[in-house]
Every structure is written in structure tokens, then in C-alpha cells.
Amino acid sequence: MSTSVQSVSTLSSNVPTSSSTTGTTPVLGENDFLKLLTMQMQYQDPMNPMSGTEFASQLAQFSSVEQLTNINTELGQSISANAVLTQSINNGLAATFIGKDVRATTNSFQYSGTGDKKLGYTLSSDANTASVSITDGAGNVVRTIKGTPTGSGDETFSWDGKDDAGNQVGSGKYSFSVTATGADGGAITSSPFIYGTVSGIRFKSNGTVFVVDGMEVPLSDILEITQE
């Protein structure tokens, strides 16, 4: 009676795996590979044993799997350590922004209720006309400013804090939108930004945010530190 020699791939379906899975596809680890190799030796035909060359080849495969597993583990630990170090450095540097004037890409801003508010936008190309609408926290347009700058690139303007009737508005959160058209009447793309002073830093689970004039602004939205 003879027993055929079974390969590692043939035996894999008969060996319980302790490895992780991705979706429905099992991923073999070094322990699983060792179990397969041991089972293959157990079930081989003693009258026709596995050749030395084939056995050496499978041992080499096992060694490669083990080394790759170790490299993957060490690499993952290194990446995690670097991420923690980078976050710590960024948090430390973020604290140096307190008291600085910044420019941030957003159309929302906090108005104190007195004085002028400096705002701005970037036009993708020269415009023929441009205007700005100021909206309060309830979504009501309180002021429309016509004749704002039309040049390509960064442009700034000031809002005096008054509505269309000339009345002073109260403090609170406001937003603004820009309408710009070219000589052909087509719309010109604009990107709004604000100016403000960083009064604090908050470290949140989704990233670092700056408190700019009482409003949270993500670190990724800070365009530059300005010199007022």
C-alpha cells in the first residue's frame, strides 16, 4: 500500500489556521506555515520520502515567511513610533502660534460687534465685476458690498460691521460669499479666506485646531502667519 506525497498547498485546506483574514481570504503566518510543513512530513510516504532538495526549498520558504513577518512587525512599530513623535513635535510647535495673526481658508468668521473686519478672497482670473454678501448666523444676508477688488489672485476688503440700512450689527458668527464675473458674463471661481488672531490651541482626536477670534480653525486651513 502506498501513500502519495502531499504538497503544502494540498494540505493547507486540512490545517486549522490561526492567521488573520482579509475579507474572506486567509493570510498564512509563520505558525501556520510551520504546521503545514510538519503535517506534510507526517503524511509523506516512507517508501518515497520527500527529496532533500524539495524539503530544503520548503524550509527556505518558511525562513522567508518568518523574516518577512518580523520585518512587517518591526516596520509597523517604527511607523507608529514616528507618528507619535511627529504629532508631539507638531503639538509643541502649534503652541508657538498663540498670539500670532494668521490667514485661514474659510468663509466663516467671528465678529466682535465693533470696528472693521478684514476679509479676503482669491480669484482664479481677472474679473469684470465682484461683490460680497455678508450673512449672519441665521442665514440672513445683512450686507451686500459691491465693487470689491477684481484682480486675479489674492484680494482683500474691509466690512465696517454695518448692515445694508447702515445699522451696526451685533457680535456673533458670520460668513461671506463672493460673486465674480468675467467680461463675457461667466462666473469666476473664488476662494474665501479670513484674517484673525490665534488665542488658543486645542488638541482633538481628529487633529489640532487653532482658536482664531473665538472660532475653531483646523491646522490644515491655516494658510500663513501674517504681519499686521
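Below are the figures for this structure:
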| read-out | value |
| --- | --- |
| Gained length - Ser152 relative to Asp101, 0.36 nm times residue gap less alpha-carbon distance | 16.0 nm |
| FRET efficiency, Asn70 to Asn206 (Cβ-Cβ, R0 45 Å, nearest 0.05) | 0.85 |
| FRET efficiency, Thr179 to Ile79 (Cβ-Cβ, R0 35 Å, nearest 0.05) | 0.15 |
| Stretch gain in nm, segment Ala187-Leu93, where the contour uses 0.36 nm per residue and the Cα spacing is subtracted | 29.8 nm |
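Computed from the coordinates by the stated procedures, all read-outs in this text should not be read as laboratory data. Predicted model only: the values in this text are computed from it and were never measured. Every residue, glycine among them, receives a Cβ derived from its backbone with ideal geometry; neighbour counts consider all protein chains shown.
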